[in-house]
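Read through the structure below, which is laid out as structure tokens, and then see the notes.
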Amino acid sequence: MKPIRKFTVRAVVPTPLAALEELAANLRWSWHEPTRRLFEAIDPDLWRASRRDPVALLGEVAPERLAELASDEGFVRWADQERAGLREYLDEPRWFQSLGAEVPRTVAYFSPEFGITAALPQYSGGLGILAGDHLKAASDLGVPLVGVGLFYKAGYFSQSITDDGWQQERYPVLDPDGLPLSMLRHPDGTPVQVTLALPDEGELHARVWTAAVGRIPLLMLDTDIPANTDALRSVTDRLYGGGGEHRLLQELLLGVGGARAVKLFAELTGRPQPDVYHMNEGHAGFLGLERISTHIGEGLSFAEALQLVRAGTVFTTHTPVPAGIDRFDRGLVERYLTSSLLPGVDLADALALGVEPGADPATSAFNMAVMGLRLAQRANGVSKLHGEVSRRMFGDLWPGFDRDEVPIASITNGVHAPTWTDPALLALAESHLGTGDTEHADWRSDAVSDAEFWNVKRSMRLQLVEDARRRLAEAWRDQHAGAQPPKWVGGVLDPDTLTVGFARRVPTYKRLTLMLQDPERLKAILTDPDRPVQFVIAGKSHPADDEGKRLIQKLVQFASQPELRERIVFLPDYDMGMAELLYPGCDVWLNNPLRPLEACGTSGMKAAMNGALNLSILDGWWAEYAGDDFGWVIPSADAAGDAAERDALEAASLYDLLEHRVATRYYERDGDGVPTEWVRRVRATLGELAPELGADRMVRQYVEELYRPAAEQADRVAADNDRGARALAAYRDRVREAWPRVQVVHVESGGVESPHVGDELRLRAHVDLGGLTPDDVVVEAVHGRSRSDERIEQAQRTPLVPSVSGTDDAGDPAGPRLFTGSIVLDRAGAFGYTVRVVPRHPLLVSAAELGLVAVAG
Ligand SMILES: *Cc1c(COP(=O)(O)O)cnc(C)c1O
């Protein structure tokens, strides 16, 4: 029978065990192994059954067992110690405090999804898990950060696979009362409500849940409340669920509602208001408009408010794939951006922020990434290669500038080691290497013998094999009305066979089925009598992506052949819970995206942290870190004629590597059956590579390279009653008005007849400033190698200075000005130079920022 209503009754925990409730309420348990051990000890079977979720465990455990533990002094002491540890962790000074930095005071980190733990399924893939890892690392480092997102009633979706291989989606509803969340309330106990004015439907209301992620509060807005109409209650029903309008409402709620929520949160908790706003992708871009609206209410113009907002905003782009970027119909956006929602904001000003470069402003789609870049003075991609790709992809926003001047930097993603390192490795480090810090353990030390090491790796593989069998049996029962699974299901995979993992979302560019290019060849690799290979595969396709579902189907059908089904398995419903066992259980992690479409990719990092070697196209993070000891590079066939040829060539390389490099190495054993050379590489991966891949490295970089400078800049433009913002806005208007008249009229050179290295080239540039003063601009020579007529490579810039007389030779104060300077020719070979004019203002961060440049000729 189906219940008409469901809710969760929380357990009554006996007073001596109050520490358990406090520990369960803070999500630090999701990465703190000692806390998990404590909960496991309550009831090991139930712990597994409740998928290692302390809140679920406390809800299910028998009251008699709790009573028994409450009178067990040893257990009570253990729980109290863990609680004391948590409290200390929450209060003690950490890395950020050691900087003695006054800013950032608070970073508000906005993301449409957060993957903290399988028990709080508010993520679809890499973007969300990265956001979760960002919060966890910020917590460990003591960075003052607040996460802002939405609470989706059914999360993303839960995946099952029919007998003929077709993905089906289910949307089990979450009960916030059964999760470690608390509602944000006013001092009188009434729930905080955030309200957005809508054009026709009236108002959209949201309550605000908070989760404690260690030291970091995460706010999640939820529209499923009686104050809303039924239609509006479902705004936060699912992650990436609906079409244009539904998605737009979610993003308005995230951006505008989120900005309002984080302000209220600061007021209610006495924390400093955010001075930095970080947009994790474009979805939260409307937060900039909300903040502009607030500043307009304080008496600023749109242009001045924009300067204030830009100074403290950081934008991270995550994808070079157009389908990964949100674009809305302009008419739709126009309908929602009303003056009731955003008082004082002129519609035309707001719409202009989303116009794609080169498009007709009257018809352009409203592009959220483009808006993000216009609203943020600092932006970054998520690996070095992705930074380059982004500078090319978005370069048209800064026309006239070379790619390397496009103001998009890069910070390579990282993954949170305490979350993603298998407890078996942790235990090994603790028992043999004298540290519970797996990232800094000396993995090459012979305190752990190769045989011991290999044994631990085998236990991790076995754990995956058992989990896979359990999942497949469950899936079988689910698909066949509870029927017993056939016997072979209990025998899939083998704990002593080379195990290759491949799991990720299934957009086409990730090429789930590349391995099926030559099915016979793959079959031969899987069933090799001496050196067999087994594959564990998982991944969800977006519910609206039938193409992705066809790829899954193709793979599932291949894997269900009786002679292969024990060697290649597709595990349904990939999530963090599966990932926790999958990465440690693999020997090799496979990644074969179409280069350069994988912005970073983090699954290979997690695999490396668990002693898997990577077998990957040179894309994303791997393009920076690939090394012989850490795995193998699948060469990209960049010169291939078309996509089909490229797939064929890259697949052939993949098979060759698997057969002749990977499997041969893996099965090369010493007298005790240990693959010593393989183990050496795994140790190198753990000891040398893994420490580079941590989210702590990433968050430190964000603090030093983006958050601190942004916070300082925000203070600077806001000082003296927003004097800087006003000045910069006025400057920008003035320069823009004059710019069409700014021109390098003529350049004379002298000093070299037949140029040699060491000679000095003297330049005299006559520049029409169009009414601007020499202080408003930089006139500079741009010079460097120039092998073609088109480009100056590795350009250097040398400023030219106004000549003493200030005016040109002709002496006309309104005429061209003379700027002079000289360049030393420091290198032999082809040389080229030009002269250009760019805006200069102390509050601009880069020459390209205003997108204005006048180049000679
Ligand atoms: C790490 C992770 C991802 C992201 O993997 P990519 O390599 O970035 O595609 C997706 N889903 C889950 C469950 C993960 O743990």
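The values are calculated or read from the model by the stated rules, or taken from the named source; none is laboratory data. Bear in mind that the values here come from a model prediction, so they are computed numbers and not experimental data. Cβ atoms come from the backbone with ideal geometry, glycine included; neighbour counts cover every protein chain shown.
Could you list all residues from the stretch 216-236 that are buried (at least 23 other Cβ atoms within 10 Å of the Cβ) and closer than 30 Å to ASP140 by Cβ?
Residues satisfying the conditions are ILE216, LEU218, LEU219, MET220, LEU221, THR236.
Search the stretch 174-188 for residues that are at negative phi and surrounded by fewer than 17 Cβ atoms within 10 Å (Cβ to Cβ) and pair each with any residue that is part of a strand (DSSP E or B) and of a type in the set (Phe, Trp, Tyr) when their beta-carbon atoms are under 8 Å apart and the residues are at least 6 apart or on different chains.
SER182/TRP209; MET183/TRP209
Take the residues in the stretch 810-857 that are among the charged types (D, E, K, R) and more than 16 Å from ASP775 (Cα to Cα), then tell me which one is surrounded by the most Cβ atoms within 10 Å (Cβ to Cβ).
Checked the stretch 810-857; the qualifying residue surrounded by the most Cβ atoms within 10 Å (Cβ to Cβ) is GLU849.
Taking SER50 as the residue in question, decide whether it is outside the structural domain of LYS136 (by TED's automatic domain parsing) and within 34 Å of the chain's Cα centre (by Cα). Talk me through it step by step, then tell me what you get.
Details: outside the structural domain of LYS136 (by TED's automatic domain parsing): yes; within 34 Å of the chain's Cα centre (by Cα): yes.
Taking the combined requirement at face value, the residue satisfies it.
Hey, TRP632 hits all of (1) more than 11 Å from the ligand (Cβ to nearest atom); (2) part of a loop (DSSP other than H, G, I, E, B) but one; which does it fall short on?
Only one criterion in (1) more than 11 Å from the ligand (Cβ to nearest atom); (2) part of a loop (DSSP other than H, G, I, E, B) is unmet by TRP632, namely (2).
Does GLY784 qualify as being surrounded by fewer than 18 Cβ atoms within 10 Å (Cβ to Cβ), under 21 Å from SER754 (Cα atoms), modelled with pLDDT under 90 and touching a strand residue (DSSP E or B) at 6+ places or on another chain (Cβ under 9 Å)?
It is false that GLY784 is surrounded by fewer than 18 Cβ atoms within 10 Å (Cβ to Cβ), under 21 Å from SER754 (Cα atoms), modelled with pLDDT under 90 and touching a strand residue (DSSP E or B) at 6+ places or on another chain (Cβ under 9 Å).
Which number in (1) in contact with a strand residue (DSSP E or B) (Cβ under 6 Å, 6 or more places away or on another chain); (2) closer than 30 Å to ASP478 by Cα marks the one condition that LYS153 misses?
(1)
Given the criterion in a loop (DSSP other than H, G, I, E, B) and either surrounded by 24 or more Cβ atoms within 10 Å (Cβ to Cβ) or within 11 Å of the ligand (Cβ to nearest atom) (or both), identify the matching residue among ASN610, ASN614.
Matching residue, one of ASN610, ASN614: ASN610.
Take residues that are of a type in the set (S, T, N, Q) and tell me which of the helices (runs of 4 or more DSSP H) falling wholly in the stretch 3-51 contain 1 or more.
Details: elements: 18-25, 33-42, 44-49.
In the stretch 3-51, the matching helices (runs of 4 or more DSSP H) lie at 33-42.
Please state which one of VAL465, VAL500 is assigned by TED's automatic domain parsing to the domain that holds GLY620, within 16 Å of the ligand (Cβ to nearest atom) and either part of a helix (DSSP H, G or I) or at pLDDT 95 or above (or both).
VAL500
Results for (1) surrounded by 20 or more Cβ atoms within 10 Å (Cβ to Cβ); (2) charged (D, E, K, R); (3) away from the ligand (no atom under 13 Å from the Cβ), shown as yes or no for each residue.
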residue	(1), (2), (3)
PRO529	no, no, yes
ALA538	yes, no, no
PRO562	no, no, yes
GLU566	no, yes, yes
ALA579	yes, no, no
LEU590	yes, no, no
GLU598	yes, yes, no
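From the list GLU624, GLU580, which one is under 28 Å from GLU474 (Cβ atoms), charged (D, E, K, R) and within 25 Å of the chain's Cα centre (by Cα)?
Going through GLU624, GLU580 in turn, just one is under 28 Å from GLU474 (Cβ atoms), charged (D, E, K, R) and within 25 Å of the chain's Cα centre (by Cα): GLU580.
Before we move on, is ASP164 surrounded by fewer than 22 Cβ atoms within 10 Å (Cβ to Cβ) and of a type in the set (Asp, Glu)?
Answer is yes for this residue.
Hey, does the stretch 139-148 have a residue that's in the same structural domain as THR223 (by TED's automatic domain parsing), outside any strand (DSSP E or B), within 13 Å of the ligand (Cβ to nearest atom) and buried (at least 24 other Cβ atoms within 10 Å of the Cβ)?
no
Could you list, ordered by first residue, the pairs with Cβ atoms under 7 Å in which the first is in the stretch 589-604 and farther than 23 Å from ALA639 by Cα and in the same structural domain as LEU649 (by TED's automatic domain parsing) and the second is within 7 Å of the ligand (Cβ to nearest atom) and assigned to a loop (DSSP other than H, G, I, E, B), at least 6 apart or interchain?
Close Cβ pairs (under 7 Å, with a partner that is within 7 Å of the ligand (Cβ to nearest atom) and assigned to a loop (DSSP other than H, G, I, E, B)) amount to SER603/ARG504.
Can you name the residue in the stretch 150-174 that is part of a loop (DSSP other than H, G, I, E, B) and aliphatic (A, V, I, L, M) and is also nearest to the chain's Cα centre (by Cα) among such residues?
That would be ALA154.
Which of the residues spanning the stretch 221-235 are in contact with a His (Cβ under 9 Å, 6 or more places away or on another chain) and either of a type in the set (A, V, I, L, M) or not assigned by TED's automatic domain parsing to the domain that holds GLY155 (or both)?
Scanning the stretch 221-235 gives ILE225, ALA227, LEU232, VAL235.
Tell me yes or no: at least one residue of the stretch 752-759 is hydroxyl-bearing (Ser, Thr, Tyr) and part of a helix (DSSP H, G or I).
no
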